[in-house]
Amino acid sequence: MGDKEAWCAAPAGAAAGGGDRGSRPGPVAAPGADPPACRAEAEGFVFHTRARFGFAAPAGSSDDPRVRWITQYLPGEVARELFAARNAGAGEQQQLVILARALGHAFFRDGERRGHGLHIAFTDVEFAVFSIG
């Protein structure tokens, strides 16, 4: 199945919700699906990293790329984009571009209220941890 969304969707005729989730609705993973990946796509995830991160800004600016500890919630759309890139054979650098864009939007651009058109630098990743739920 090439379409990740269909891959995580419930099979035709399946109930919409897990047995141990109580009344909380949620996606049912199709046979062979990766439930944590499906959950990340549905609910988003938290990304923890220590990396060189910032705008390509003049040295000394508060937005100048420097090593930062970042813990940031990213929406399910980012998870879908990352999984689609990985499944299409994207390398680490291409996936870092996706994360840089998402982190820049959430962390610096404040939902597009500032920092328009500036290039995000995300390099020298020391560690990256993804958590769901």
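Largest first, how would THR71, THR123, THR49 line up by accessible area (1.4 Å probe)? All intermediate terms of the calculation are to be shown ahead of the outcome.
Details: THR71 95, THR123 65, THR49 0 Å².
Accessible-area ranking of THR71, THR123, THR49, largest first: THR71, THR123, THR49.
Relative to the current alpha-carbon distance between ARG50 and ALA90, full extension at 0.36 nm per residue lengthens the span by 12.2 nm. Per-residue SASA remark: ARG66, around 100 Å² accessible (1.4 Å probe; ligands, DNA and RNA not included). A probe of 1.4 angstrom, applied to the heavy atoms of all protein chains, finds ILE132 with accessible area near 60 square angstrom. Within the full protein context, the accessible area of HIS119 is estimated at about 130 Å² for a probe radius of 1.4 Å. Per-residue accessible area (protein heavy atoms, 1.4 Å probe) orders SER131, SER62 as SER62, SER131, starting from the largest. Amide H contacts under 5 Å for GLY44: GLY76, restricted to partners 5 or more places along the chain or on a different chain, H placed in the peptide plane at 1.01 Å from N.
The values are calculated or read from the model by the stated rules, or taken from the named source; none is laboratory data. No experiment lies behind these values; they were computed from the predicted model shown. Quick note on the areas: whole protein, heavy atoms, side chains included, nothing else; ligands and nucleic acids left out. Shrake-Rupley method; radii C 1.70, N 1.55, O 1.52, S 1.80 Å.
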